[in-house]
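The values are calculated or read from the model by the stated rules, or taken from the named source; none is laboratory data. Bear in mind the structure is a predicted one, so any value in this text is a computation, not a measurement. Cβ sites come from the backbone with ideal geometry, for glycine too, and all protein chains shown count toward neighbours. Side chains are part of the model used for accessible areas, which takes the heavy atoms of the whole protein and leaves out ligands, DNA and RNA. Shrake-Rupley method; radii C 1.70, N 1.55, O 1.52, S 1.80 Å.
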Amino acid sequence: MIAHMIVVVIFITFLAVFCSIIPVGLWISAIASGVRIGLFSLVGMQIRRVKPARIVAPMIKATKAGIKVYVNELEAHYLAGGNVDDVVNALIAAERAGMNLSFEQASAIDLAGRNVFEAVRMSVTPKVIETPQISAVAKDGIELLVKARVTVRTNIRQLIGGAGEATVLARVGEGIVTTVGSASTHSEVLENPDEISKVVLEKGLDSGTAYEIISIDIADIDIGRNIGANLQSLQAEANKKIAQAKAEERRAMAVALEQEMKAEVVKAQAEVPKAMAEALRSGNLGVMDYYKMQNVQADTKMKNDLGIGVSDFINKKQ
């Protein structure tokens, strides 16, 4: 009796160890789904630290969808850090949409860091992305604030190495600024907003990007500031400051010239006594003539003083 119990325990232990090493349940599910995979392949995956369920489940999904994939390809993609389930989902979606997408392309896109399944979905169902409010100025100086909706779909061939949504939005914004800037007046843009879409689409802005632009629709146009008037006002203010600076410069030069002239007068006046002394010594000026000149100067000074006094008296009376 004890011997039988020992045998049963050993058998159960062996069965538990066997099932932990070899995922029998997963193997049975694969066989039932038509996926041919050996038990030793599953054991090898565990030895290589590959989770068998991450390989077998996508294989079952692909087989049911009629897509042929190989264990070695899926395992290699898993070991490279890829998402096997996303790749298989992308292959199924592409096959249903009639797109020609190989496993090598899908795995390369996935390893490049892009969501390959989302890329396939966007290729089938285009995505609408909206630009921020773009400021553009027409030739008449009026600012226009433009918003556009850009409908894009994935370009699978350029998904690896192609620019993303940010580049597409930047190029569309640049095209809008150029188109509005070439308009004579802002009224022309408001009357025909579809002209912006036509001109921008003709520029081939999706070149080198991971997307193909299907359409560009102007969602909203608002009138902003009068940039031309503001610039003219700033220019007039700058001209005023320049004129004031030049006037101040001329005033300073005039004051300096006046000071120079006064200095010359003082200098000349300092020479008068010398000239008079020389005239007296040489006999060109007599003593009586000198006294007469002194009297004339005294009279002139007295008259000036009286004139100033009377003027002050009149001002006080008034």
**OP:** Among what's in segment 142-162 and is among the aliphatic types (A, V, I, L, M) and surrounded by fewer than 16 Cβ atoms within 10 Å (Cβ to Cβ), pick the residue that is nearest to the chain's Cα centre (by Cα).
**Re:** Leu145
Subject >> Top-ranked residue in segment 193-213 [being over 13 Å from Ile176 (Cα atoms) and of a type in the set (Asp, Glu); ranked as surrounded by the fewest Cβ atoms within 10 Å (Cβ to Cβ)] >> reply: Glu212
**OP:** Taking Thr185 as the residue in question, decide whether it is of a type outside the set (A, V, I, L, M, F, W, C), closer than 28 Å to Ile221 by Cα and open to solvent by 30 Å² or more (accessible area, probe 1.4 Å).
**Re:** yes
Subject >> All positions within segment 47-66 that are in a helix (DSSP H, G or I) and open to solvent by less than 70 Å² (accessible area, probe 1.4 Å) >> reply: Pro52, Ala53, Ile55, Val56, Ala57, Pro58, Met59, Ile60, Ala62, Thr63
Subject >> Residue satisfying all of: in segment 214-260; more than 24 Å from Gly141 (Cβ to Cβ), of a type in the set (Val, Ile, Thr) and out of contact with any Leu (no Cβ under 8 Å at 6 or more places or on another chain); surrounded by the fewest Cβ atoms within 10 Å (Cβ to Cβ) among these >> reply: Val255
Original post:
Does Lys316 fit the bill of being at pLDDT 70 or above and open to solvent by 100 Å² or more (accessible area, probe 1.4 Å)?
Top reply: no
**OP:** Hey, could you check segment 67-85 for residues that are of a type in the set (A, V, I, L, M) and over 39 Å from the mean Cα position of the chain (by Cα) and say which is most open to solvent (accessible area, probe 1.4 Å)?
**Re:** Ala76
Original post:
What number of residues in segment 163-180 are under 13 Å from the mean Cα position of the chain (by Cα), open to solvent by 60 Å² or more (accessible area, probe 1.4 Å) and polar (S, T, N, Q)?
Top reply: 0
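For the structure I just gave you, tell me whether Val88 is farther than 30 Å from Gln232 by Cβ and assigned to a helix (DSSP H, G or I).
So Val88 passes the test.
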**OP:** Output yes when any residue across segment 39-57 is in contact with a His (Cβ under 7 Å, 6 or more places away or on another chain) and at pLDDT 70 or above, and no when none is.
**Re:** no
Original post:
Would a scan of segment 104-113 turn up a residue that is part of a helix (DSSP H, G or I), over 35 Å from the mean Cα position of the chain (by Cα), modelled with pLDDT of 85 or more and of a type outside the set (Lys, Arg)?
Top reply: yes
**OP:** Could you please find all residues in segment 93-130 being surrounded by 19 or more Cβ atoms within 10 Å (Cβ to Cβ) and of a type in the set (Val, Ile, Thr)?
**Re:** Ile109, Val116, Val120
